[in-house]
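Input: a single structure, listed below in structure tokens.
Rule-based calculations on the coordinates, nothing more; no lab input. Predicted model only: the values in this text are computed from it and were never measured. Note that each Cβ is placed from the backbone with ideal geometry, even for glycine, and that neighbours are counted across all protein chains shown.
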Amino acid sequence: YTKLGVDVFIGNGRFTSSSTIDVDGTTLQFAKAVICTGARASAPPIPGLDQINYLTNETIFSLTNLPARLGVIGAGPIGCEMAQSFARFGSQVFLVEAMHGILPNEDRDAADIVEQSILRDGVTLLCCGKDLAIKQVDGVKHMSVDSHGQHYDIPVDEILVGVGRSPNTEGLGLEEIGVDFNHKGVTVNPRLQTTNPNIFAAGDICSPFKFTHTADAQAQIVIQNALFPHPLGLGYASTDNLIIPWATYTQPEIAHVGLYEKDAKAKGIEVDTFSFPLNEVDRAILDGEDEGFARVHVKKGTDQIVGATIVAAHAGDMISEYTLAMKGGLGLNTIASTIHPYPTQAEVIKKTANAWRKTTLSDSKKRFLSKLFAWTR
């Protein structure tokens, strides 16, 4: 950063007024500021958890020895990724989830494919978990939980907590400078301005989408709005224009962008849905990676994409085609007309578009073409 001309101050920063920040005794003045303090792993109110040393998605990478037995709390993206990884490393893994099944925010059939893969890797899944408690007996950690009417007392060497993230709002002096915040983070408008218009925020501190690529996109919005505003205030960058994909890096991966079908219904948007399985895609068959599918939702009667899900070994790489189409206002007709190299797993995206294209051939068109071809034969 210093090579780019940035002055770097290492220390604890705190707002002392609407134009000053204190960094361990050094006062810095600013015209515009941005809060990028991120988030930390959440600690759920589980009895006994605060009495032990547990791992998070940040500290687990500091392990120097493979735990023989690993307990994982939470079957969201972090929990599933780490549970499967450590099972493949050789740990005996116990994955505890309060809800039914894993990845509760994903389509059920998509999550089920990943769940079966995780189970094949040897993970013990304890879903619908109730009355979870942690204790330590003779130096050994124990997870006590009821799952599907059966009680389990599981001794483990390490416990990973993977149940989400909490924004780092403490100790910043936000109350003193008129910046509103709550348990979800700092309150911002679509321009990423806080309730103090000269102070912006970006990343996990203010976004419900806690991904690195989202923070990067928001940083670009802040730079434009804070440093290069339109002189007449006529134009600004906005989070309203962001189309944010995400991926869960299990094997296979799940990637998604836009609305799920249930979200579209909740918004009153009627959709047509087109899916295509990977076990009918030649490259996926050749690679031995034919578990999964691509699914796309379009506004009913149109080719306008409103959301898509891919379950595949490389779903995170593949979802960008749908994302680009949505950002550029391109529909399934454009994807269907685009030549995809053969054989590739990304052909599954074109095949969903082809499935849509087949529906555009109405019965009246079929009758007309039948008569035309019969006449010209």
Full extension between Asn279 and Thr16 adds, at 0.36 nm per residue less the Cα distance, a length in nm of 88.7 nm
In nm, the gap between the two label points placed 7 Å beyond Cα toward Cβ at Asn333 and Glu176 is 6.0 nm
Of all lysine pairs in the stretch 318-377 that are eight or more residues apart or on different chains, those with Cα atoms under 29 Å apart total 11
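Could you work out the relative contact order of the chain? I mean the mean sequence separation of Cα pairs under 8 Å and 6+ apart, divided by the number of residues, in percent.
Relative contact order for the chain comes out at 13 percent.
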With label points set 7 Å from each Cα along the Cα-to-Cβ direction at Asn105 and Thr195, the distance between them in nm comes to 2.6 nm
Which residues qualify? For Val271, with a placed amide H closer than 5 Å and at least 5 residues away or on another chain, they are Lys300
Restricting to aspartates and glutamates and to Cα separations under 19 Å from Lys267, and discarding same-chain partners fewer than 8 apart, the set is Glu106, Asp107, Asp240, Asp303
Listed with the fewest Cβ neighbours within 10 Å leading, Tyr260, Tyr152 appear as Tyr152, Tyr260
Most exposed first, judged by fewest Cβ atoms within 10 angstrom, Asp109, Asp303 run Asp109, Asp303
Spelling it out for Lys141: with amide H atoms placed in the peptide plane at 1.01 Å from N, the residues 5 or more places away or on another chain with amide H under 5 Å from its amide H are Val156
For Lys262, counting only lysines whose alpha-carbon sits under 16 Å away and dropping same-chain residues fewer than eight positions off, the answer is Lys299, Lys300
With Cα springs under 10 Å, the Gaussian network model of the chain assigns the largest mean-square fluctuation among Leu242, Leu55, Leu332 to Leu242
The chain, Gaussian network, Cα under 10 Å: of Phe293, Phe61, Phe15, the residue fluctuating most is Phe61
For 320-326, 85-91, ranked highest to lowest by mean beta-carbon neighbours within 10 Å, the order is 320-326, 85-91
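What share of the DSSP beta bridges in the chain is antiparallel, in percent to the nearest 5?
Within the chain, antiparallel bridges account for around 75 percent of the total.
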Assertion target for Thr273, Thr302, Thr248, ordered by fewest C-beta neighbours within 10 angstrom first, is Thr302, Thr273, Thr248
Computed ³J(HN,Hα) along the stretch 204-221: with the Karplus parameters 6.51/-1.76/1.60, θ = phi - 60°, integer Hz and x for glycine or proline, the list is 4, 5, 9, 9, x, 9, 8, 10, 4, 5, 5, 4, 5, 5, 5, 4, 5, 5
Expected vector for the stretch 2-17, Karplus 3J(HN,Hα) from phi with 6.51, -1.76, 1.60 and θ = phi - 60°, integer Hz, x for Gly and Pro, equals 4, 5, 8, x, 8, 7, 10, 10, 8, x, 8, x, 8, 5, 10, 7
Its Cα gyration tensor gives the stretch 241-372 an equivalent ellipsoid whose semi-axes in whole Å, largest first, are 25, 20, 12
Given backbone amide H placed at 1.01 Å from N, residues whose amide H is under 5 Å from that of Arg69, ignoring those fewer than 5 places away on the same chain, are Gln92, Asp157, Glu158
Labelled set (1) 224; (2) 212; (3) 194; volume of the Cα convex hull per residue in Å³ computed from this model equals the value at (1)
So for R0 = 25 Å, FRET eff. of Cys128-Ile52 from the Cβ-Cβ r, to 0.05, ends up at 0.55
Note, the stretch 79-92: 3J(HN,Hα) by Karplus (6.51, -1.76, 1.60, θ = phi - 60°), whole Hz, Gly/Pro = x, goes x, 5, 4, 6, 4, 5, 4, 6, 5, 6, 5, x, 6, 7
The FRET efficiency for Phe209 and Gln136, from their Cβ-Cβ distance with R0 = 41 Å and rounded to 0.05, is 0.65
Highest GNM mean-square fluctuation among Pro231, Pro343, Pro155, for the chain with Cα springs under 10 Å, belongs to Pro231
